[in-house]
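Everything below concerns the one structure shown next.
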Amino acid sequence: MDEPAVQSLDEKAAWFLRDPLAHSHPYPFFAELRAQAPVFRMSSGAWMISKFDDVDTVLRDPRWSLRKALEGTIDEMVDSDSVAEIFGAGLKNDAPTHTRLRRLVSRSFTPRRVATWQSLIESVISELLDAAAEKGTFDIVQDYALPIPQRMICEMLGVPFDERDQFKAWSSAVTNRQFDGNTGDGRRVLTQAMEDFASYLRQLINGRRSTPGDDLLTELLAVGEVSETLSEIEIVALLIELIGAGTETTFNLIANTTWLLVSNPDELRKARTDPAMMALAIEESLRLEPPAHYPFPRMTTETTQLRGQTIMAGDLVFPLLSSANRDEDRYINPDAFIIDRADKGHISFASGPHFCLGAGLARVEGAAAVGSLFQRFPDLRLTDPEMKWRPHFRAHGPSEMNAAIS
Ligand code: HEM
């Protein structure tokens, strides 16, 4: 959706934060911000940071606290102390709590560990492609991109087959609400979903304690038992974070990359030449149309200077990842989709201590999903004339994307 005919940057900033349709195409507004006020103070007192180097600085510098920003918003999101406690128990913390948890859970996301999931990813993909081939036409979002991370997380955690539909319903509720700016009814729905999901995860944990499996949950429990520094509530919080952070983002990556490649036939031809080029297409898609425009906001813990502006202690800051990714001082021709561009790189997985834990997994899932789709259906066509972006507060991807394969 185009930005409204409002005049000031402040009105446009409020539009971006409050209108879920704004997330489909906020780039002209971001370009204005970078040109006129790269470190911009809104009338609410919060800041928008839009240049690559500044976004990177904010995310790397421990003085910009994620935990403090969370404390300011947690009561707006949920209305139960026990659920608030879960929100506060995971990786949305600062050092030293964050460092301890991150070190423990990172062991399950090393490149070597991710490589062990490759054949699982391929079998999930091939099953979904078989089903699509039978249908002839299918929705790339609902029938392909979304089930891939959903099925992966169920397999990784060892969720029993007959519990998967309920698991997916809770995970969607938690994921969507987490991203959706929760007020009123949303707050009650998120609280209930979190309570139900947490109680299910506790049962899953107890089951795995008595019968260990060959899965991520058993690994996390073993870490907890060996180190005695990972409590049950932390494991529940970590599981909810992994599910929330890994599903929405990955399916948007798959769908957005498919759309960009179909819309840029020369780049699709390049991407098809070999898997390394497909991996580059994934990176360029992450840069140009990232699955989320910004991460969790940060809060300054001390008064700080940034690009000549004084940001007071306690101010809320939005580091705009997708604006940074189109910064004219960092990229030549930043709005173009060029998979083998010389000035590679992006900040869509954030940077610094909270750099995406699942980046390696997302890259492998994304490249396998998009690569196999075009390999299996070389004549794949999108039947909708335009991209149908889903109205959303944080996530950036389509609500549906219909395809024909013959
Ligand atoms: C294309 C897909 C993905 C994108 C674009 C993405 C993006 C991000 C971003 C921007 C952050 C930083 C949040 C912040 O600083 O506030 C983050 C953190 C995180 N991501 Fe991802 N993510 C993706 C996939 C995944 C997957 C597949 C998983 C795991 C299954 C995952 C797990 C996490 C976790 C646990 C964190 C928190 C890390 C920490 O706070 O230390 N992500 N992700």
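The values are calculated or read from the model by the stated rules, or taken from the named source; none is laboratory data. These numbers come from a predicted model, not from an experiment. For neighbour counting, all protein chains shown are included, and Cβ atoms are generated from backbone atoms with ideal geometry for every residue, glycine included.
Hey, any hits in segment 132-147 for a residue that's outside any helix (DSSP H, G or I), away from the ligand (no atom under 16 Å from the Cβ) and buried (at least 21 other Cβ atoms within 10 Å of the Cβ)? Step through it out loud before you land on a result.
Going through segment 132-147, the residues outside any helix (DSSP H, G or I) turn out to be 136-139, 146.
Subset that is away from the ligand (no atom under 16 Å from the Cβ): 136-139.
Within this subset, residues satisfying the condition of being buried (at least 21 other Cβ atoms within 10 Å of the Cβ) are 138.
Checking segment 132-147: at least one residue is outside any helix (DSSP H, G or I), away from the ligand (no atom under 16 Å from the Cβ) and buried (at least 21 other Cβ atoms within 10 Å of the Cβ).
Among residues of segment 202-221 that are within 12 Å of Ser108 (Cα to Cα) and assigned to a helix (DSSP H, G or I), those with a Cβ under 6 angstrom from a residue that is polar (S, T, N, Q) and at pLDDT below 90, sequence gap 6+ or separate chain, pair up as Leu216/Ser108; Glu219/Ser108. On the basis of being crowded, with 18+ Cβ neighbours inside 10 Å, more than 28 Å from Asp384 (Cβ to Cβ) and not basic (Lys, Arg), does Glu267 make the cut? Against the criterion (crowded, with 18+ Cβ neighbours inside 10 Å, more than 28 Å from Asp384 (Cβ to Cβ) and not basic (Lys, Arg)), Glu267 does not qualify. Is it fair to say Pro385 is farther than 24 Å from Pro275 by Cα, under 20 Å from the mean Cα position of the chain (by Cα), surrounded by fewer than 19 Cβ atoms within 10 Å (Cβ to Cβ) and more than 16 Å from the ligand (Cβ to nearest atom)? Spelling it out, it is not the case that Pro385 is farther than 24 Å from Pro275 by Cα, under 20 Å from the mean Cα position of the chain (by Cα), surrounded by fewer than 19 Cβ atoms within 10 Å (Cβ to Cβ) and more than 16 Å from the ligand (Cβ to nearest atom).
Mind listing whichever residues of segment 42-96 are among the polar types (S, T, N, Q) and out of contact with any helix residue (DSSP H, G or I) (no Cβ under 8 Å at 6 or more places or on another chain)?
Within segment 42-96, the subset among the polar types (S, T, N, Q) is 43-44, 50, 57, 65, 73, 80, 82, 93.
Within segment 42-96, Thr57, Ser65, Thr73 qualify.
When you check Gly371 against the structure, is it at pLDDT 95 or above, part of a helix (DSSP H, G or I) and within 16 Å of the ligand (Cβ to nearest atom), yes or no? Steps first, answer last, please.
Details: at pLDDT 95 or above: yes; part of a helix (DSSP H, G or I): yes; within 16 Å of the ligand (Cβ to nearest atom): yes.
Yes, satisfied.
Out of Arg102, Arg151, Arg67, which single residue is under 23 Å from Ala368 (Cα atoms), within 16 Å of the ligand (Cβ to nearest atom) and either in a helix (DSSP H, G or I) or without any contact (Cβ under 8 Å) to a residue 12 or more places away in the chain (or both)? Walk me through it before giving the result.
Details: Arg102 fails: under 23 Å from Ala368 (Cα atoms); Arg67 fails: under 23 Å from Ala368 (Cα atoms).
Of the residues listed, the single one that is under 23 Å from Ala368 (Cα atoms), within 16 Å of the ligand (Cβ to nearest atom) and either in a helix (DSSP H, G or I) or without any contact (Cβ under 8 Å) to a residue 12 or more places away in the chain (or both) is Arg151.
Here Ala324, Ala359, Ala350 are screened, and the one residue that is crowded, with 23+ Cβ neighbours inside 10 Å and within 18 Å of the chain's Cα centre (by Cα) is Ala324.
The one condition from (1) touching a residue at least 12 places away in the same chain (Cβ under 8 Å); (2) of a type outside the set (D, E, K, R); (3) more than 30 Å from Asp343 (Cβ to Cβ) that Ser8 does not meet is (1).
Pick out the one residue from Val317, Val236 that is more than 10 Å from the ligand (Cβ to nearest atom), crowded, with 18+ Cβ neighbours inside 10 Å, closer than 26 Å to Pro38 by Cβ and more than 17 Å from the chain's Cα centre (by Cα).
One residue alone meets the criteria, Val317.
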